[in-house]
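Notes follow the structure.
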Amino acid sequence: RKEVEQDPGPFNVPEGATVAFNCTYSNSASQSFFWYRQDCRKEPKLLMSVYSSGNEDGRFTAQLNRASQYISLLIRDSKLSDSATYLCVVRNTNAGKSTFGDGTTLTVKP
Amino acid sequence: ETGVTQSPTHLIKTRGQQVTLRCSSQSGHNTVSWYQQALGQGPQFIFQYYREEENGRGNFPPRFSGLQFPNYSSELNVNALELDDSALYLCASSLRLAGTGELFFGEGSRLTVL
């Protein structure tokens, strides 16, 4: 079993749709959590950090449930430019290690 | 742009050869980590360097080795290349060893092993 698991998708949604991605992690020592975005054949870029209280950045909302070891990302009012692969990342700073999921691919269609 | 530069951007090697990939971190960043990303997968953590010392290593064999220099730039060396080493190699720099420092990635070095 992988340390970080994501539904690979693909998710194909129309513009304006709301879409949710889920991620589970197995290492309870994980301390920090992130969502990164990766466009085709490009490097990953930070989308947002994920905090225990949940956090929002415009159309994006991230949630963390430490008890269930579960992270989510909600995208509202999807835009064509949201089409990308979304990577869930957990970090164990004591081990100096960041673990990425394999990503969930989103395609937003007109 | 992130300010993290990697070289070379593309290279082709044959099985058994050795390769060195280079990374210049963003100004002021003292931590560099390396990742291998195979097609259709997420980046896999190879190792991390902080102030010239290895600080954390993933499940990669010893033929994957690295260095960090006093200016915080870094090298990834892979010996005895295998076909499965074909991948995108990503370097990421960050400002802090601990805490929630964002990873800033370079555009990667795409290695093909024939």
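Here are a few things to note about the model shown:
- Prolate/oblate/rounded label for the protein assembly as shown (Cα gyration tensor, a/c 1.5): prolate
- Sites counted here are trypsin sites (Lys or Arg not before Pro) in a DSSP loop (not H, G, I, E or B) having no more than 14 other Cβ atoms within 10 Å; the longest part of chain A that contains none of them is A:3-40.
- Relative contact order %, chain A, counting alpha carbon pairs below 8 Å whose residues are six or more apart: 38
- Checking every one of the GluC sites (Glu not before Pro) in region B:25-61 against DSSP loop status and a limit of 16 other Cβ atoms within 10 Å picks out B:Glu52.
- Three principal axis lengths of chain A [C-alpha, angstrom, descending]: 44, 30, 22
- Size of charge dipole - the protein assembly as shown - debye, nearest 20, with Cβ of Lys, Arg +1 and Asp, Glu -1, no other charges: 120
- Straight-line cross-link reach from A:Lys79 at under 19 Å between alpha-carbon atoms covers these aspartates and glutamates, not counting any fewer than eight positions away in the same chain: A:Glu15, A:Asp39, A:Glu56, A:Asp57.
- Residue order, fewest to most surrounding Cβ atoms within 10 angstrom, among A:Ile71, B:Ile46, B:Ile12: B:Ile12, B:Ile46, A:Ile71
- Summing Cβ point charges (Lys, Arg +1; Asp, Glu -1) relative to the Cα centre of region A:24-78 gives a dipole of roughly 120 debye.
- Tail fraction, Cα-Cα pairs, chain B, threshold 20 Å, whole percent: 34
- Legend: ranking of residues B:Cys23, A:Cys23, A:Cys40 from fewest to most surrounding C-beta atoms inside 10 Å; resulting order A:Cys40, A:Cys23, B:Cys23.
- Its Cα centre serving as origin, region B:1-85 has a Cβ charge dipole (Lys and Arg +1, Asp and Glu -1) of approximately 120 debye.
- GluC sites (Glu not before Pro) within region A:2-110: DSSP coil, no more than 12 neighbouring Cβ in 10 Å: A:Glu15
- Per-residue shielding of B:85-91, expressed as the average number of other chain Cβ atoms within 10 Å of the residue Cβ, stands at 1.
- Here the relative contact order of chain B, from alpha carbon pairs under 8 Å that lie six or more residues apart, stands at 37 percent.
- Isolated cysteines of chain A, defined as having no other cysteine beta carbon under 4.7 Å away, are A:Cys40.
- Ellipsoid semi-axes in whole angstrom, largest first, where each is sqrt(5λ) of the Cα gyration tensor of region B:33-100: 21, 14, 10
A short reminder: the numbers here are calculations on the coordinates, not readings from a lab. On a predicted model such as this, the values are computed, not experimentally measured, just so you know. Every residue, glycine among them, receives a Cβ derived from its backbone with ideal geometry; neighbour counts consider all protein chains shown.
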